[in-house]
Amino acid sequence: MKSIFRCQSFLKISLLAIFIAMNLVFIAPAGAVDIGSQLQKAGTGLYEKEQPAPLATQIGNIINILLGLLGVILVIIIVYAGYLWMTAGGDTEQVKKAKSWMINAVIGMIIILSSYAIADFVISKLAEGIGAE
């Protein structure tokens with residue numbers, strides 16, 4: 001019974017870490033002060049407005065961020081499967097469960113890496129086509 005409670009607390013800690021990471025990535029930048037616009041309003045000449053990135057580049061950046069988050073989730077799944085395996089204590093069912101988690105994580109990693117390669121190729125060709133490099 002003791003290992004079940006440790007497993008549940010591990011899941012709670014993992015979910016809390018994911019929640020904090022998501023807040024740092026998505027919510028914290030929304031409230032950040034735009035220093036560049038403040039310098040421009042003050043007329044200091046220290047900040048010149050940059051041109052917005054082309055649409056293909058913006059889409060590529062969004063895809064890269066999402067694939068990075070999927071990679072973080074993949075690492076968490078592998079750590080969870082390793083934890084299950086290490087705490088199995090000779091229980092063959094738990095070892096089989098941990099092995100299936102690891103196999104699924106490796107399959108997920110293959111899918112993530114191939115989708116990254118495809119997205120990178122398509123976005124670079126789109127950027128080449130519209131003249132943005």
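Every read-out reported here was derived from the displayed coordinates using simple, explicitly stated rules and does not represent laboratory data. It should be emphasised that the depicted structure is a prediction, and the values quoted were computed from it without experimental measurement. All Cβ positions, glycine included, derive from the backbone under ideal geometry; neighbour counts span all protein chains shown.
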Debye-sum result for segment 52-133 in log10 I(q)/I(0), which assumes one identical scatterer on each alpha carbon, at q = 0.11 Å⁻¹ = -0.44
Per-residue Cβ neighbour rank within 10 angstrom, fewest leading, SER9, SER14 = SER9, SER14
What nm value, rounded to one decimal, do you get for the distance between ILE65 and LEU15 when each label is placed 7 Å out toward the C-beta?
-> 2.5
